[in-house]
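Step one of this worksheet: look at the structure below.
The values are calculated or read from the model by the stated rules, or taken from the named source; none is laboratory data. These numbers come from a predicted model, not from an experiment. We place every Cβ from the backbone using ideal geometry, glycine too, and count neighbours over all the protein chains shown. Just the protein is used for accessible areas: all its heavy atoms, side chains included, with ligands, DNA and RNA removed. Shrake-Rupley method; radii C 1.70, N 1.55, O 1.52, S 1.80 Å.
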Amino acid sequence: MNDEIGYCVPKALALRVNAIAREAGTSPEALLKGIVERFVRQHDSEKERRACSRIDISIPAVICVEKKDINSSIYQLVTIKDISSDGVRLICPGKKVRGQYVSVGECSLRFKLVFTFSEEMEPMKLKCSATRVELVKGDVHILAQIIQAYTKS
């Protein structure tokens with residue numbers, strides 16, 4: 001059973017696509033598929049609710065939550081999965097954050113996020129406020145708004 005649907009294009013356009021595909025060392029079908037997939041991704045991302053576009057990444061980081069009642073901090077390893085100029089998505093392995101099970105949904109957790117893009121860089125520190133917690137495939141995902149960014153302690 002074939003799950004493909006064909007489309008017709010004017011001959012002049014088809015000839016131009018064939019020439020470009022030949023120059024790129026690929027088939028016209030592969031070239032068109034790539035162009036259409038990129039267009040669809042771009043069109044879908046325009047419908048996204050975010051005010052700022054996000055960048056998908058995978059960077060190890062640490063969150064630091066200050067405990068005001070005992071004047072200390074709790075640290076947890078996380079992975080930054082995506083980041084934008086105003087927000088971040090973190091993944092905490094397992095179903096706990098700071099050693100405690102968390103409820104899914106709205107969240108008011110405030111924390112500092114510390115990470116670096118390379119060993120040569122000074123660590124980046126972001127003051128964040130969690131806005132939502134999700135449980136995805138057994139891991140806790142924290143969606144947070146960036147409140148302040150700074151590089152020095």
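Being open to solvent by less than 50 Å² (accessible area, probe 1.4 Å) and either of a type in the set (D, E, K, R) or at pLDDT 80 or above (or both) is the filter here; which residues of region 44-54 pass it?
Listed by number, the list is empty, since nothing qualifies.
Can you name the residue in region 104-148 that is polar (S, T, N, Q) and in a loop (DSSP other than H, G, I, E, B) and is also most open to solvent (accessible area, probe 1.4 Å) among such residues? Working first, answer last.
Our first condition is that a residue be polar (S, T, N, Q); within region 104-148, this holds for 108, 116, 118, 129, 131, 145, 148.
Pick out the ones that are also in a loop (DSSP other than H, G, I, E, B) and you get 108, 116, 118.
Numbers: 108: 102, 116: 52, 118: 40 Å².
Ranking the qualifying residues of region 104-148, first place goes to 108.
Name every residue in region 103-118 that is at pLDDT 65 or above and of a type in the set (D, E, K, R), in order of residue number.
Within region 103-118, 110, 112 meet the criteria.
What pairs can you find where one residue is in region 119-139 and at positive phi and touching a residue at least 40 places away in the same chain (Cβ under 8 Å), the other is among the aliphatic types (A, V, I, L, M) and surrounded by 14 or more Cβ atoms within 10 Å (Cβ to Cβ), and their Cβ atoms are less than 9 Å apart, with a gap of 6+ or different chains?
none
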